1. State which residue is farthest from the chain's Cα centre (by Cα) when the search covers only segment 39-52 and only residues that are buried (at least 20 other Cβ atoms within 10 Å of the Cβ) and among the small types (Gly, Ala, Ser).
2. Hey, does segment 109-116 have a residue that's open to solvent by 10 Å² or more (accessible area, probe 1.4 Å), touching a Phe, Trp or Tyr at 6+ places or on another chain (Cβ under 9 Å) and either away from the ligand (no atom under 12 Å from the Cβ) or among the acidic types (Asp, Glu) (or both)?
3. Among the hydroxyl-bearing types (Ser, Thr, Tyr), crowded, with 24+ Cβ neighbours inside 10 Å, within 30 Å of VAL202 (Cβ to Cβ) and within 15 Å of the ligand (Cβ to nearest atom), is that true of THR127?
4. Answer yes if at least one residue in segment 244-254 is among the β-branched types (Val, Ile, Thr) and more than 17 Å from the chain's Cα centre (by Cα), and no otherwise.
5. Looking at (1) surrounded by fewer than 23 Cβ atoms within 10 Å (Cβ to Cβ); (2) more than 10 Å from the ligand (Cβ to nearest atom), can you tell me which one HIS252 breaks?
6. How many residues does segment 69-124 contain that are in a strand (DSSP E or B) and touching a helix residue (DSSP H, G or I) at 6+ places or on another chain (Cβ under 6 Å)?
7. The conditions are (1) away from the ligand (no atom under 16 Å from the Cβ); (2) open to solvent by less than 40 Å² (accessible area, probe 1.4 Å); (3) basic (Lys, Arg), and ARG93 fails exactly one of them. Which is it?
Amino acid sequence: VAVTFQLTSDGRTSHIEVGRDLLSSYALPARPDRSLVVVLHQPGSRHIAERIGASLAAGYDVHSLGLPDRDQAKAWSEVASLYEWLASTGLGRNDTIVGVGGGALTDVAGFVAATWLRGVESAYVPTTLLGAVDAAIGGKTGINVAGKNLVGAFWHPASVVIDLGVLEALPVALKREGFAEVVKAGFIADPTIVEAFLRDGVDVALEDVVTPAVKVKVDVVSEDYREVGRRAILNFGHTIGHAIEFSSGMSHGDAVAVGMVAAGAISEARYGCALPIRAALERLGLPVSAHGRADEFLELVRLDKKRDSGGVRMVLLTDLGAPVVDHVSTDELRIGLSAIGVAS
Ligand SMILES: NC(=O)c1ccc[n+]([C@@H]2O[C@H](COP(=O)([O-])OP(=O)(O)OC[C@H]3O[C@@H](n4cnc5c(N)ncnc54)[C@H](O)[C@@H]3O)[C@@H](O)[C@H]2O)c1
């Protein structure tokens, strides 16, 4: 049974559907005068994009294009060629760009849709876990010019279709890494997600974790679309995680996992709570420690963009599912780093 969510901000509504076997009959929300659909994909989502293209071809003229893998697709030179290609297809104001792939692909598809002809309709089919529970939901689009995600726009996809069968079939390494962002939603807002992972590990039923994690993202974004407040809780684990990703080259999901252990340790020290963060991540086979020297990490954390004039701000938990955003002292950061094996 498919679960649907609606996300309305800036007067636009995204229809989000989560379920199984949703792609063979893939359809776009009805729209008068749409004649052409462009389907963009990345190497890992090509076969899925082909199914979607075939389903859409019954009603529209369909053009498909494969983009380079991962964040290479978000480079300016690639975006510029993509605009040239869109011109050659004749994509008009009433037409639609469908992005099929992970977060990198939907970020660029959304950005191009937001800017082509000053904005055309977009639709996403996220094919990674991070894409499904995070990147495809919430209207942020972006490309990497002058720095990661520094150029972007808020632009709601008209529809997001999340097929759990597609996510279940992901290669195990990609799946494990993606679970870091799924369990993050549990830590900050829904303990049932954490319980499901503790119980079933990587064999968890995706209905028990992905569907509620999508709901967490929808709820948080509905409250704070432009990230002036509550949306910041989605950065749990990311302040120290980014420093680890940058300094060690660890994948994003793995680095966020380690960052969540550090943020959890700071939370426990400050609020006297006991959090099952390390246990849940170990159950998933995600890393819980990093190599390096504390001073080097402290410097990277201070450079992080979440820093403001008052010092380093981090998302902490007063209990499972109860986040707060607050300044942390250098001593507290050292507590977090020592919990992940980073010596002073
Ligand atoms: N817009 C937002 O709010 C937001 C939020 C978080 C992250 N992001 C962005 O998302 C990106 C990361 O997304 P990601 O982790 O999904 O990575 P990704 O898009 O780089 O994809 C990771 C890999 O998975 C492959 N792949 C995709 N679908 C597959 C499938 N079904 N089977 C096998 N392989 C498949 C891809 O080809 C790629 O090699 C970053 O660019 C980040 O900036 C955006």
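The values are calculated or read from the model by the stated rules, or taken from the named source; none is laboratory data. Quick caveat, the model's predicted, so the values are computed rather than measured. All Cβ positions, even for glycine, are placed from backbone atoms using ideal geometry, and neighbour counts span all protein chains on display. To get the accessible areas, we keep the full protein, side chains included, count just its heavy atoms, and leave off ligands, DNA and RNA. Shrake-Rupley method; radii C 1.70, N 1.55, O 1.52, S 1.80 Å.
1. ALA49
2. Of segment 109-116, the ones open to solvent by 10 Å² or more (accessible area, probe 1.4 Å) are 111, 114-116.
Restricting the remaining residues to those that are touching a Phe, Trp or Tyr at 6+ places or on another chain (Cβ under 9 Å) gives 111, 114-116.
Still in the list and also either away from the ligand (no atom under 12 Å from the Cβ) or among the acidic types (Asp, Glu) (or both): 115-116.
Yes, segment 109-116 contains a residue that is open to solvent by 10 Å² or more (accessible area, probe 1.4 Å), touching a Phe, Trp or Tyr at 6+ places or on another chain (Cβ under 9 Å) and either away from the ligand (no atom under 12 Å from the Cβ) or among the acidic types (Asp, Glu) (or both).
3. yes
4. Yes, because at least one residue in segment 244-254 is among the β-branched types (Val, Ile, Thr) and more than 17 Å from the chain's Cα centre (by Cα).
5. All conditions are met except number (2).
6. 6
7. (2)
Residues are listed down the side, and each one gets a yes or a no for (1) in a loop (DSSP other than H, G, I, E, B); (2) out of contact with any strand residue (DSSP E or B) (no Cβ under 9 Å at 6 or more places or on another chain); (3) of a type in the set (S, T, N, Q):
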site	(1), (2), (3)
HIS242	no, yes, no
ALA257	no, yes, no
GLY264	no, no, no
VAL288	yes, yes, no
